[in-house]
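Q: Input: one structure, supplied below.
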């Protein structure tokens, strides 16, 4: 009986740990820029392989242009019934 309780407790802790890690680990994605729109407080980027737009808030001017390949990490969000990605980290891919 005690063995079953220990196994049950370990199972619950494992499920909680996996849930926590899946919420806070972000995969790096890659895409080619099709358009960039810059306003005072945000940058909106559209990619050719992604229907969602990428949103960057309070960022310094980036040296990005149409056709650049970028790597990015972010979290999914919905604003005015449109899916978007709020970007936490972005960098231009350098092709040699």
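Read-outs throughout are calculated quantities, based only on the coordinates presented, and are distinct from any laboratory measurement. This is a predicted model, so every value here is computed, not measured. Heads up, the Cβs are rebuilt from the backbone with ideal geometry, glycines too, and the neighbour counts pull from every protein chain shown.
Q: Write down the Å³ per residue value for the convex hull defined by the alpha carbon atoms of the stretch 29-92.
A: 79
Q: Something else: Give, in nm to one decimal, the length gained when the segment between residue 81 and residue 46 is fully stretched (0.36 nm per residue of separation minus the Cα-Cα distance).
A: Net length gain for the segment: 10.9 nm.
Q: Then there's this: Using a Förster distance of 35 angstrom, determine the FRET efficiency expected from the C-beta separation of residue 58 and residue 22, and round it to 0.05.
A: Computed FRET efficiency for residue 58 and residue 22: 0.80.
Q: With axes computed from alpha carbons, what is the tilt in degrees of helix 2-24 against the longest principal axis of the chain, rounded to the nearest 10 within 0 to 90?
A: 10
Q: Set the Förster radius R0 to 41 Å, insert the Cβ-Cβ distance between residue 38 and residue 14 as r into 1/(1 + (r/R0)^6), and round the FRET efficiency to 0.05.
A: 0.35
Q: Let me ask something else. Please give the FRET efficiency for residue 88 paired with residue 6, using the beta carbon to beta carbon distance and R0 = 41 Å, rounded to the nearest 0.05.
A: The calculated FRET efficiency here is 0.60.
Q: Next up: Which of 52, 40 has the fewest other C-beta atoms within 10 Å, and how do the rest follow up to the most?
A: Fewest-to-most Cβ neighbours within 10 Å comes out as 40, 52.
Q: Which residue, 34, 59, 19, has the most motion in a Gaussian network model of the chain that connects Cα atoms within less than 10 Å?
A: Maximum fluctuation in the GNM of the chain, among the listed residues, is at 19.
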